[in-house]
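Before any comments, here is the structure.
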Ligand SMILES: Nc1ncnc2c1ncn2[C@@H]1O[C@H](COP(=O)(O)OP(=O)(O)O)[C@@H](O)[C@H]1O
Ligand SMILES: [Mg+2]
């Protein structure tokens, strides 16, 4: 752990910073939207690295969990690694009240006030300064695309979106996404947009600067990219169209086209799969279904038929080759700026191991994700509007087919299997987190099991 003047132990020869921060973090972490282990107390908390980014501002990687595991952990059994930016000072100005973690009682920061430095414009301005010029701080490495100059002094603001990470917008020109749950390796949200920019794909904002750690393992920590001003996400636009009764099929068709363009660029930028993985995919889907049915009894009457849908994967046309995909595509992951759709957030499903998220998969998985999203939008309010969803789904597939050269609607068996797999995931999610919403994916389960369309 790099030691700096600021961090020099104050009272004892060996002062563990966690003596100061441990109890504050145990209380604060579970209240953060991006913290995955909300339903469990933080029983284990360890410091993986601490770097003084500038006086009074600490960059930390902490490990939370239950058992000893790999350095970064990687899920419920091995624990999780989180990235934090904490400020430590004598007094906190009242305007930073919301950022307060509390006062350290023991250890090297005893008597000092600890707060969330992401909410402190002075700290986030200095963070942008670090990103503007390549260099290092302890194990942290700051890198940038020298062809895109970032002006100094852009005013920062925290984006208060419902996010699984934290983002800062600088002067409405750039957005910095700080990955909260860190896994070893390059994050696909840096890797993929970087590779797509290399292909000349304009559907994805290209990384401008980024930073990573080299300790305890190599991992991506944050990415700065151009901010799409006046953009609205697809979910907001769909909600608006549903409320006003405006047609959304033209936008859905363009979105299908944009998705196909991103898929084509991904297939050129990364190697594609050669083997037919349908047997393994069907087995994994069946396993997920069986374990979900164990937890959610409402699924049980449909299990036999849905297993049939997965089994049919092996027999049906394997469809387009496996390739790198988005991995978590839905209406909340697309932005419309001007008259164009952009695709963001290539992290994949953060709950899955990074290595798995970087493997090739069927592009049908992304298509199914978006089709399910139209269905969710149409079932936000009563009366449900399944017809609205059906028209958007048709339009999306038509737009996709026009650009990709193959029509998802003609891969009926594949689409049904991937939609079912997604709906099973949703059933489990809703049962755990929002039981009132369970009827939404259950309606899809019923449709997919009974009619299969
Ligand atoms: N390049 C961008 N331009 C404008 N807004 C953006 C951009 N990237 C992200 N956002 C905004 O930030 C939100 C969260 O971004 P996202 O990458 O999806 O983070 P998360 O992984 O936390 O879901 C988006 O829904 C969007 O509102
Ligand atoms: Mg997102």
- [ ] Give me a count of the residues in the stretch 345-367 that are within 13 Å of ligand 2 (Cβ to nearest atom) and touching a helix residue (DSSP H, G or I) at 6+ places or on another chain (Cβ under 6 Å).
- [x] 4
Open item on the list: Need a quick list: helices (runs of 4 or more DSSP H) entirely within the stretch 279-392 having at least 2 residues that are under 20 Å from the mean Cα position of the chain (by Cα).
Closed with: 354-357, 364-378
TODO: For residue 150, state whether it is farther than 21 Å from residue 82 by Cβ, over 15 Å from the mean Cα position of the chain (by Cα), surrounded by 15 or more Cβ atoms within 10 Å (Cβ to Cβ) and within 16 Å of ligand 2 (Cβ to nearest atom).
DONE: no
TODO: Can you work out which of the residues in the stretch 241-263 that are assigned to a helix (DSSP H, G or I) and surrounded by fewer than 17 Cβ atoms within 10 Å (Cβ to Cβ) is nearest to ligand 1 (Cβ to nearest atom)?
DONE: 243
Open item on the list: Name the single residue that is farthest from ligand 2 (Cβ to nearest atom) among those in the stretch 320-332 being crowded, with 19+ Cβ neighbours inside 10 Å and more than 18 Å from residue 396 (Cα to Cα).
Closed with: 322
Task: Conditions (1) within 17 Å of residue 415 (Cβ to Cβ); (2) away from ligand 1 (no atom under 16 Å from the Cβ); (3) surrounded by 15 or more Cβ atoms within 10 Å (Cβ to Cβ): number failed by residue 317 - done: (3)
Open item on the list: Going residue by residue through the stretch 224-240, is there one that turns out to be out of contact with any strand residue (DSSP E or B) (no Cβ under 9 Å at 6 or more places or on another chain), more than 16 Å from ligand 2 (Cβ to nearest atom), in a helix (DSSP H, G or I) and at pLDDT 95 or above?
Closed with: yes
Open item on the list: Quick check on residue 296: is it over 29 Å from residue 270 (Cα atoms) and crowded, with 16+ Cβ neighbours inside 10 Å?
Closed with: yes
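Out of the stretch 170-185, which residues are in contact (Cβ under 8 Å) with a residue 60 or more places away in the chain and farther than 13 Å from residue 225 by Cβ? Lay out the reasoning, then the answer.
If we filter the stretch 170-185 for residues that are in contact (Cβ under 8 Å) with a residue 60 or more places away in the chain, which is where we start, we get 178-185.
The answer is 179, 180, 181, 182, 183, 184, 185.
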Open item on the list: All but one of (1) at pLDDT 95 or above; (2) touching a strand residue (DSSP E or B) at 6+ places or on another chain (Cβ under 6 Å); (3) within 14 Å of ligand 1 (Cβ to nearest atom) hold for residue 137; state the number of the condition that does not hold.
Closed with: (3)
Open item on the list: Quick check on residue 62: is it part of a loop (DSSP other than H, G, I, E, B) and either at pLDDT below 95 or touching a helix residue (DSSP H, G or I) at 6+ places or on another chain (Cβ under 8 Å) (or both)?
Closed with: no
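Could we say that residue 266 is within 14 Å of ligand 1 (Cβ to nearest atom) and surrounded by 17 or more Cβ atoms within 10 Å (Cβ to Cβ) here? Even if it seems obvious, please write down each step before you answer.
Numbers: within 14 Å of ligand 1 (Cβ to nearest atom): no; surrounded by 17 or more Cβ atoms within 10 Å (Cβ to Cβ): yes.
So residue 266 fails the test.
The values are calculated or read from the model by the stated rules, or taken from the named source; none is laboratory data. Note that the coordinates shown come from a computational prediction; the quantities given were computed from them, not determined experimentally. Backbone-built Cβ (ideal geometry, glycine too); neighbour counts: all protein chains shown.
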